[in-house]
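Please read the structure below before turning to the comments.
The values are calculated or read from the model by the stated rules, or taken from the named source; none is laboratory data. As the structure is a computational prediction, the values presented were derived from the model and not from experiment. Don't worry about glycine lacking a Cβ; one is built from the backbone with ideal geometry, like all the others, and counts go over all protein chains shown.
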Amino acid sequence: MGKPTGFLEFTRETPSKRPVQERKNDYKEFVSRYSGTELNHQAARCMNCGIPFCHHGCPLGNIIPEFNDAVYRQHWQEAYEILTSTNNFPEFTGRICPAPCESSCVLGINQPPVTIEEIEKHIIEIAFDKGFVKARKPSLKTGKKVAVVGSGPAGLAAADQLNAAGHAVTVFERDDEPGGLLRYGIPDFKLEKWVVARRIRLLEEEGIVFKCNANVGVNVSINDLLREFHAIILAGGSTIPRDLPVPGRELKGVHFAMDFLKQQNKRVSNLAVGGEAIMATDKNVVVIGGGDTGSDCVGTSNRHKARSVTQFELLPKPPEGRTTYMPWPTYPMTLKVTSSHEEGVERHWAVATKEFIGDGKGNLKGLKLVTLEWKMTEDGRAAQFVEVPGSEKEIPCELALFAMGFVHPQHAGLLQELGVELDERGNVKATEKNYQTNIAKVFTAGDMRRGQSLVVWAISEGRECARKVDEYLVGQSLLERRDQSLIAL
């Protein structure tokens with residue numbers, strides 16, 4: 001593949017970033033692109049390994065060695081066609097995916113892995129630059145109509161696939177613009193919204209209809225959809241956030257992370273925010289939760305010019321590298337330092353919030369914390385904790401943001417009215433075998449089915465669900481399927 005000795009000659013290099021002090025003054029993306037030589041060298045590092053485990057690390061089953069080889073040879077259209085044969089939206093995954101493929105890279109056993117995510121982003125952006133990305137309208141129509149509820153990555157992928165199969169697809173979105181998490185949950189400095197808008201325009205050109213401000217179960221009747229459409233896909237995501245019911249939870253200044261992030265995304269897009277403004281300016285901000293959403297809150301708070309930003313994680317600090325219980329090629333739960341962390345934050349692990357402290361006027365002024373001591377299992381996992389006696393302390397805080405994940409989709413409205421069965425976790429019940437709910441013509445995909453997960457998994461779910469809907473509607477499907485070994489995972 002590529003250059004047989006490339007992995008011996010070139011080391012892993014990532015594109016440069018704008019300086020921290022510069023990029024904190026705006027909401028633009030700050031990662032540059034490779035030069036032609038740099039891109040060639042990075043693609044050349046892909047080895048001719050016997051079994052490309054990167055295929056299995058990627059939820060989409062991307063054909064990675066082949067598109068790396070095409071990039072090395074500068075065959076851009078070939079690289080684009082290989083990449084988009086498995087991934088509908090590489091411009092999204094190339095920017096925001098945690099790259100489980102790289103964790104499975106064979107080269108990563110004893111060297112830094114291939115920069116697969118960056119190469120992916122470069123392929124699609126070069127394809128747009130060169131005019132390869134064009135609307136492809138289906139030549140034949142089946143006469144079948146499909147409604148997709150939710151326009152996040154799972155809904156968009158399902159809509160794209162079903163439209164390509166010749167079905168008439170309408171996407172219903174309760175917000176004022178389509179994109180779901182991509183538009184309202186991920187900050188612009190990671191994914192500028194012109195990237196999302198560009199893809200939506202392309203999908204519209206291909207024949208997909210988007211209906212926004214259309215909240216199915218509220219201002220759009222689910223019975224109308226059941227009558228009008230031959231199949232319905234529920235792709236509304238996992239939207240009910242995990243709460244922290246401790247004393248002082250009601251104080252002004254305690255918010256869910258997604259409320260904070262959604263407001264800022266709307267400001268950047270010059271959309272009406274509505275409700276009480278949640279701003280970090282001149283405040284001591286505490287982000288509770290150590291994942292990607294928490295990191296996004298850190299980056300946004302720094303751009304708001306917060307007085308200080310602190311991030312707490314309930315779990316103990318993870319190791320910096322793989323351990324015996326994180327063998328290659330599994331995805332390692334190691335310490336992550338994101339670009340937002342680079343911009344300034346104080347991080348603490350094994351900390352629990354005991355109380356939100358008010359100023360006597362209903363406003364948040366501080367947090368009461370306690371240090372935790374974790375009991376670990378033999379495989380290195382945190383099993384249970386006890387509070388360390390005498391470790392309680394108070395810190396100043398005027399804005400606390402909950403970034404502790406999501407528990408399940410919203411049940412009130414659409415799901416209850418429709419009467420779909422839920423699983424033990426509160427998600428819509430359907431198996432990976434057919435993505436079909438207890439209602440024959442109603443299917444589900446993405447976080448609404450599997451629980452909160454990655455954008456790349458949502459796209460994979462949308463693609464697989466679309467194939468099952470296609471089979472349901474016409475008896476068979478020519479849509480691509482994910483590798484059977486990946487389904488078994």
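Tabulated values for the structure
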| quantity | calculated |
| --- | --- |
| Residue, nearest to SER238 (Cα to Cα), within region 427-439, restricted to residues that are at pLDDT below 95 and over 21 Å from the mean Cα position of the chain (by Cα) | THR431 |
| Matching residues in region 131-159 - criterion: being outside any loop (DSSP other than H, G, I, E, B) and in contact with a helix residue (DSSP H, G or I) (Cβ under 6 Å, 6 or more places away or on another chain) | VAL146, ALA147, VAL148, PRO153, ALA154, ALA157, ALA158 |
| Some residue of region 80-102 being in contact with an Asp or Glu (Cβ under 9 Å, 6 or more places away or on another chain), loosely packed, with under 14 Cβ neighbours inside 10 Å and of a type in the set (Lys, Arg) | no |
| Among residues of region 222-237, those that are among the hydrophobic types (A, V, I, L, M, F, W, C) and over 16 Å from GLN416 (Cα atoms), counted | 2 |
| Candidates LYS361, LYS365, filtered to the one that is farther than 25 Å from ASP447 by Cβ, in contact with a strand residue (DSSP E or B) (Cβ under 8 Å, 6 or more places away or on another chain) and of a type in the set (Lys, Arg) | LYS365 |
| Exclusive hit being of a type in the set (D, E, K, R), touching a Ser or Thr at 6+ places or on another chain (Cβ under 9 Å) and part of a strand (DSSP E or B), set LYS375, LYS354, LYS368 | LYS368 |
